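Each remark here refers to the structure printed beneath this line.
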Amino acid sequence: MSVIKTEALTYVYGEGTPFRKVAVDNVDLEIEEGEFIGVIGHTGSGKSTLIQHFNGLLKPTSGSIYIDGEKLWEDKARLRAIRFKVGLVFQYPEYQLFEETCYKDIAFGPKNMGLSEEEIDKRVRETAKLFGISDAMLEKSPFELSGGQKRRVAIAGVMAMEPKVLILDEPASGLDPKGRSKILGLIREYHREKKNTVMLVSHSMEDVAKHCSRILVMNSAKIFCYDTPVNVFGRASELESMGLAVPQITRVFNRLKALGHDLGDEVYTVGYGKELLLNSLRKKQGGEP
């Protein structure tokens with residue numbers, strides 16, 4: 001069953017003004033439950049506008065959105081409950097921290113859901129443990145933490161609401177390589193454990209290739225493609241023509257192929273590329289052509 005479905009979804013900024021701009025144009029999309037999806041596209045492609053529709057931050061100019069089978073915006077009495085099914089983490093979410101302690105910040109969302117104190121405490125502690133936040137850190141002010149720790153607390157606050165779909169807009173933006181790897185690794189572990197749907201909006205082709213099972217490519221307010229990493233990055237020339245780069249390792253292997261060393265067309269992660277190179281070297285050492 002589709003956890004998110006759109007039918008002819010269109011959104012126009014500045015309708016009726018000289019500044020009218022179509023940001024999402026007649027988008028039909030179905031996202032299955034349990035997928036880990038990468039969302040990519042050049043600046044202004046419509047990806048950020050699209051994801052803001054999924055939890056009702058924006059109302060379509062035309063078209064429909066279904067969340068877990070329910071039509072968003074059809075019944076205003078159900079809107080709040082449906083929106084809780086989709087958690088949206090904006091870029092630099094640590095700027096939204098405001099409570100006295102990390103515990104209270106993580107508990108803020110579940111509390112607004114009207115849950116019991118017992119359930120709130122359970123969710124806070126389970127999410128904190130999953131996301132590498134110690135009991136000692138929970139009692140600290142979020143403003144005493146490092147940038148990476150603040151980011152983890154802010155994301156944990158959305159995770160504690162246990163949405164069916166978790167959407168993260170550039171969750172590793174601005175972090176050093178160690179912090180970036182930590183955050184993305186924890187998000188992937190969260191996906192493995194909860195088995196819900198995760199959408200990762202990113203400009204990093206390497207991150208998307210490494211973590212995602214499917215990739216949604218936006219271009220000029222429309223969906224260019226929605227497919228597996230192999231099929232998406234196999235269209236390297238088309239991606240580059242719209243201002244997107246394929247993963248660096250893919251460019252390396254494409255260059256090797258151009259030089260007469262064809263090791264495969266489906267290389268988009270460093271790990272797989274390493275395996276192909278080692279296998280090729282072993283064959284040569286064994287006397288095989």
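In table form, for the structure just shown:
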{"quantity": "Spans of strands (runs of 3 or more DSSP E) in the range 1-111 with at least 3 residues of a type outside the set (D, E, K, R) and under 29 Å from Lys129 (Cα atoms)", "calculated": "36-40, 86-89"}
{"quantity": "Which numbered condition Leu130 misses (of (1) among the aliphatic types (A, V, I, L, M); (2) crowded, with 18+ Cβ neighbours inside 10 Å; (3) touching a residue at least 40 places away in the same chain (Cβ under 8 Å); (4) within 23 Å of Lys85 (Cβ to Cβ))", "calculated": "(2)"}
{"quantity": "Elements of type strands (runs of 3 or more DSSP E) contained in the range 131-237, each with 2 or more residues being aliphatic (A, V, I, L, M) and modelled with pLDDT of 95 or more", "calculated": "165-169, 197-201, 214-219"}
{"quantity": "Test: residue in the range 76-91 that is at pLDDT 95 or above, touching an Asp or Glu at 6+ places or on another chain (Cβ under 6 Å) and of a type in the set (Gly, Ala, Ser)", "calculated": "no"}
{"quantity": "Matching residues, the range 169-187, being within 16 Å of Gly147 (Cβ to Cβ) and not charged (D, E, K, R)", "calculated": "Pro171, Ala172, Ser173, Gly174, Leu175, Pro177, Gly179, Ser181, Ile183, Leu184, Leu186"}
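The rows are residues; the columns are (1) at pLDDT 75 or above; (2) closer than 25 Å to Phe224 by Cβ; (3) among the β-branched types (Val, Ile, Thr); (4) assigned to a loop (DSSP other than H, G, I, E, B).
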site: Thr250; (1), (2), (3), (4): yes, yes, yes, no
site: Asn254; (1), (2), (3), (4): no, yes, no, no
site: His261; (1), (2), (3), (4): no, no, no, yes
site: Asp265; (1), (2), (3), (4): no, yes, no, yes
site: Gly271; (1), (2), (3), (4): no, no, no, no
site: Leu276; (1), (2), (3), (4): no, no, no, no
site: Asn279; (1), (2), (3), (4): yes, no, no, no
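The values are calculated or read from the model by the stated rules, or taken from the named source; none is laboratory data. None of these values were measured; they are calculated from a predicted model. Don't worry about glycine lacking a Cβ; one is built from the backbone with ideal geometry, like all the others, and counts go over all protein chains shown.
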